[in-house]
Structures are given as structure tokens and as C-alpha cells.
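Before any comments, here is the structure.
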Amino acid sequence: MYRETAVDVKREVEATLIPSGVKVKLQQGTQVFVTQALGNSYTVYVNGNLVRIAGKDGDALGLVILDQPDINQMVGSIEDKIGALLKTCFDPEIPVNIVDLGLIYECNAIPLGKNDFRVEIKMTLTATGCGMGPVLVGEVEEKIRQIQGVTEVKVELVFDPPWDRDMMTDEAKLQLGLL
């Protein structure tokens, strides 16, 4: 994780405005402050806004390219692969993945045929008013679709039961200084 590291954008790069999810372009020479580098993305502060930049564009920040290995090369079941990908999804304001935060309530891989699956996920947010919902849901859907054999993905955002700190893993609590 980075703490307010100032960098100048090295080339024009696409970013996602947080929490709206609107795509914007950052121009070369723009000064940004890197606040987080987790999963496979960077979160930066620019002109009073937080934006997320894909890890593959780390070079635009003069930083390491954060790329994710091909999940289909991973040994394990489809459930193992889903779990591994979900652990690469981070709230841009909290340096803990959505699994350890306790945001995943339910995850099912339903066989549709010999090698095809429908993945259904129920997840929540740390607060009902959190504007990151569409961005996180979109990221989860996009990542799960990378798994060979997944032909359908449905991510449902739910708020019952309401999220609370007790849903976090002990590792997450320790990381956030709550233990």
C-alpha cells in the first residue's frame, strides 16, 4: 500500500472515477497522489477526486505494472478459482479484499452442462449509502467471467443482514488495527 506518493502521469491513461464508475482520461503531466496499490489496480487522488487506474497501466504512473496471472492456469476447482479472484477485489478506500472484509455473503457455481457454469454471488457493502456498489459489482463480474467455463455471472447486491465489523476475518481486523 502507498501513502500519498506524488507522481506525474507519464502518458494519457484511462481511469475510473470513484464512486460513480465514470471513465475519465488523465493527461500526461497531471500530478496525482497514489493512495493504494492492491489487487491489480492503483487508487490515486487527483483534483479532489479518487480514481482507479488498472494495474496494467502502472507504467503511466511510472510504477510497476500490476498484472494478474491467468486464473485458468491455476490448479484447483472452479470454487478455488472464484475465491482467488474475489481476493483480488479491493474497496479503493479500504486496504482489505472484499472476502476478508466479509462482503461476500454467498457464492455458488451451478453446473449448466459438462464444463459450463453459472456463478451466483450475493454481496454487500460496508455501508448502504456507499457509492462503490456498481464499481465493485462490475469488477467482480468482470473477474469471474475470466474463468474458463463460466458462461453466466449474476452478482446481487444485498443489505440484509447489514454488514458490521464482526463479519471481517481476524486477518482483516489486524490489518486495520482493530485487534
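With 20 Å as the cut-off, how large is the P(r) tail for the stretch 1-73, expressed as percent of Cα-Cα pairs? All intermediate terms of the calculation are to be shown ahead of the outcome.
Working: 560 of 2628 pairs.
Roughly 21 percent, once rounded to a whole number.
How much length, in nm to one decimal, is gained on full extension between residue 141 and residue 127, taken as 0.36 nm per residue of separation minus their Cα-Cα distance? The partial results should precede the final answer.
Details: separation 14, 0.36 × 14 = 5.04 nm, distance 2.04 nm.
Here the answer is 3.0 nm.
Can you send over the carbon and sulfur percentage of the accessible area for the stretch 47-144, probe radius 1.4 Å, protein chains only? Kindly include the intermediate steps, with their values, before the conclusion.
Values: 2270 of 4440 Å².
Of all accessible area on the stretch 47-144, carbon and sulfur atoms account for 51 percent.
Can you tell me what share of the DSSP beta bridges in the stretch 85-171 is antiparallel? A percent to the nearest 5 is fine. Intermediate results must be reported in sequence, preceding the final value.
Working: 8 of 15 bridges.
Once the DSSP bridges in the stretch 85-171 are tallied, antiparallel ones form about 55 percent.
Work out how much length residue 114 to residue 179 would gain on full extension: take 0.36 nm times their residue separation and subtract the Cα-Cα distance, in nm to one decimal. Can you show the working numbers first?
Numbers: separation 65, 0.36 × 65 = 23.40 nm, distance 4.53 nm.
That pair, residue 114 and residue 179, stretches by 18.9 nm at full extension.
If one puts a single equal scatterer on every Cα of the chain and applies the Debye formula without solvent, what log₁₀ I(q)/I(0) results at q = 0.10, 0.11, 0.17, 0.20 Å⁻¹?
Debye intensities relative to I(0), on a log10 scale: -0.42, -0.51, -1.13, -1.37.
Out of all DSSP beta bridges in the chain, what portion is antiparallel? Express it as a percent rounded to 5.
Numbers: 30 of 37 bridges.
Just about 80 percent of them are antiparallel.
So how much slack lies between residue 14 and residue 65, counting 0.36 nm per residue of separation and subtracting their Cα-Cα distance, in nm?
Gain on extension, residue 14 to residue 65, equals 16.9 nm.
Taking square-rooted eigenvalues a ≥ b ≥ c of the alpha carbon gyration tensor, is the stretch 44-96 rounded, prolate or oblate, where a/c under 1.5 means rounded and, failing that, a/b exceeding b/c means prolate? All intermediate terms of the calculation are to be shown ahead of the outcome.
Values: a/c = 4.33, a/b = 1.82, b/c = 2.38.
Oblate, since a/c reaches 1.5 and b/c is not below a/b.
With viscosity set to 0.890 mPa s at 25 °C, what whole-number translational diffusion coefficient in µm²/s follows for the stretch 27-123 from Stokes-Einstein and a Kirkwood radius over Cα pairs? Walk me through the intermediate numbers first.
On the way: Rh = 15.4 Å.
Estimated diffusion coefficient is 160 µm²/s.
Within the set 23/122; 143/173; 10/87; 23/56, which residue pairs have Cα atoms separated by over 23 Å? If you can, show how the numbers build up before the last one.
Values: 23/122 26 Å; 143/173 25 Å; 10/87 29 Å; 23/56 16 Å.
Flagged as over cut-off: 23/122; 143/173; 10/87.
The values are calculated or read from the model by the stated rules, or taken from the named source; none is laboratory data. Computed from a predicted model, the values in this text were never measured in an experiment. Remember, those area values only see protein heavy atoms, side chains included, never the ligands or the DNA or RNA. Shrake-Rupley method; radii C 1.70, N 1.55, O 1.52, S 1.80 Å.
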